[in-house]
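Down below is the structure, laid out as structure tokens.
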Amino acid sequence: MGKSPLISVAILGILLIALSAPLAFTSPMSPAGDDLAIWKEFVAAMKGGGLPSAKVRPYYEELRQPILGWLKEMSRKATWAEWEKTPKVRRVGEHVHFLTPLTFDGQTADYCLTFLVEGSAWYFRHLEAIIIPLDEIGPLPTSTFPDADEPTKAHIREETLWSREVRVFNELAALKGKTYAFDFFKDGDGYFLAAKTWVPFVEPRQALVLYACWEQANLRGNTVTLEKLDGKEAVVRMSTYYFKLYKVSAHLAQQVSFEDYTRIFETIWQDRARAAGWTLEIEYGNEGDKASECVLRFKRPS
């Protein structure tokens with residue numbers, strides 16, 4: 001579902017009830033002339049609290065409940081003046097896409113809301129905050145393609161990576177048990193080797209911390225602050241895509257528990273600290289569930 005600032009784990013299980021007042025969901029429309037009628041009916045439904053399940057046709061059935069939850073949460077937090085503006089409309093075959101900026105929790109993002117049209121009926125299909133304008137390439141042959149901004153690309157890289165890694169975890173857990181699956185993610189020895197060979201001009205333990213900051217900030221796209229580094233202690237504060245993904249990517253919450261997802265993260269970092277001769281304490285923010293911000297406290301063993 002992309003990088004929406006709206007979505008949180010807490011609403012993934014919300015079920016919607018049918019709207020109290022019936023709406024004209026199946027009014028006749030021509031594909032070219034009346035696409036905006038879909039948007040107006042949708043906004044009216046959202047003002048009533050969201051959509052009933054029968055009006056949702058997701059690309060994959062397992063996305064139904066997250067979508068229903070998001071729609072209800074969007075209805076609750078909507079700034080209706082934004083919704084009443086005319087969105088950009090793109091019709092592609094049986095789908096019509098509405099592009100519009102929306103604000104939730106003080107954050108504004110450009111959203112693409114996709115609807116399936118069958119005859120005179122429409123169904124909500126998908127909500128996305130990542131839009132790559134690849135319909136705007138120049139004449140062929142070309143080696144230049146419209147780009148996304150760096151945070152969007154970092155989000156895509158991390159979502160692709162951790163979606164695959166969660167599948168690997170589940171397969172290994174099913175075949176050999178969770179202990180084996182968690183151990184699979186231990187990469188400390190190789191990570192430390194990279195740190196002390198690629199950052200050779202500082203003491204190896206400190207090289208591990210410096211490399212971790214560089215790798216997480218410059219390769220992963222996370223926000224990283226090195227707060228302290230000496231021979232006895234290092235403190236690194238990070239705002240990670242890793243935990244943000246669990247909140248905004250519907251499939252992750254359905255594939256792995258948050259407890260196991262957190263343990264994968266902690267297994268990785270504890271093993272990296274071990275390899276370099278540190279002990280590690282991990283602290284999290286105060287957002288109820290594990291926050292996207294965490295603090296890694298590396299310490300020399302007594």
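Structure summary
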read-out: Near pairs, Cβ below 8 angstrom, 6+ apart or cross-chain, from the stretch 166-179 (closer than 12 Å to I264 by Cβ) to any residue that is open to solvent by 100 Å² or more (accessible area, probe 1.4 Å) and of a type outside the set (K, R); value: V168/F184; F169/F184; L172/Y180; L172/F184; A173/Y180
read-out: Selection within the stretch 180-204 - over 15 Å from W269 (Cβ atoms) and either touching a Pro at 6+ places or on another chain (Cβ under 7 Å) or basic (K, R) (or both); value: K196
read-out: Scan of the stretch 88-110 for residues that are open to solvent by 70 Å² or more (accessible area, probe 1.4 Å) and closer than 16 Å to I130 by Cα, ordered by number; value: K88, R90, Q107, T108, D110
read-out: Enumeration of residues in the stretch 137-152 that are closer than 21 Å to D110 by Cα and open to solvent by 50 Å² or more (accessible area, probe 1.4 Å); value: I137, F145, D147, D149, E150, P151
read-out: So T79, is it at pLDDT 95 or above and touching a His at 6+ places or on another chain (Cβ under 6 Å); value: no
read-out: Number of positions in the stretch 195-218 that are of a type in the set (S, T, N, Q) and within 31 Å of the chain's Cα centre (by Cα); value: 2
read-out: Verdict on V235 being touching a helix residue (DSSP H, G or I) at 6+ places or on another chain (Cβ under 7 Å) and of a type outside the set (D, E, K, R); value: no
read-out: Evaluation of E158 against (1) under 23 Å from the mean Cα position of the chain (by Cα); (2) outside any helix (DSSP H, G or I) (one fails), failing number; value: (2)
read-out: Selection from the stretch 52-87 of residues that are in a loop (DSSP other than H, G, I, E, B), under 23 Å from the mean Cα position of the chain (by Cα) and either within 13 Å of F124 (Cβ to Cβ) or among the hydrophobic types (A, V, I, L, M, F, W, C) (or both); value: R57, P58, Y59, A78
read-out: Among residues of the stretch 230-267, those that are among the aliphatic types (A, V, I, L, M) and either touching a His at 6+ places or on another chain (Cβ under 9 Å) or surrounded by fewer than 17 Cβ atoms within 10 Å (Cβ to Cβ) (or both), counted; value: 2
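Here's the yes/no breakdown for (1) farther than 23 Å from V199 by Cβ; (2) assigned to a helix (DSSP H, G or I):
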{"position": "L226", "(1), (2)": "no, no"}
{"position": "R237", "(1), (2)": "no, no"}
{"position": "E266", "(1), (2)": "yes, yes"}
{"position": "W269", "(1), (2)": "no, yes"}
{"position": "G277", "(1), (2)": "no, no"}
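The values are calculated or read from the model by the stated rules, or taken from the named source; none is laboratory data. The model shown is predicted, which means the values in this text are computed figures rather than measured ones. Every residue, glycine among them, receives a Cβ derived from its backbone with ideal geometry; neighbour counts consider all protein chains shown. The accessibility values were calculated without ligands, DNA or RNA, using every heavy atom of the protein model including side chains. Shrake-Rupley method; radii C 1.70, N 1.55, O 1.52, S 1.80 Å.
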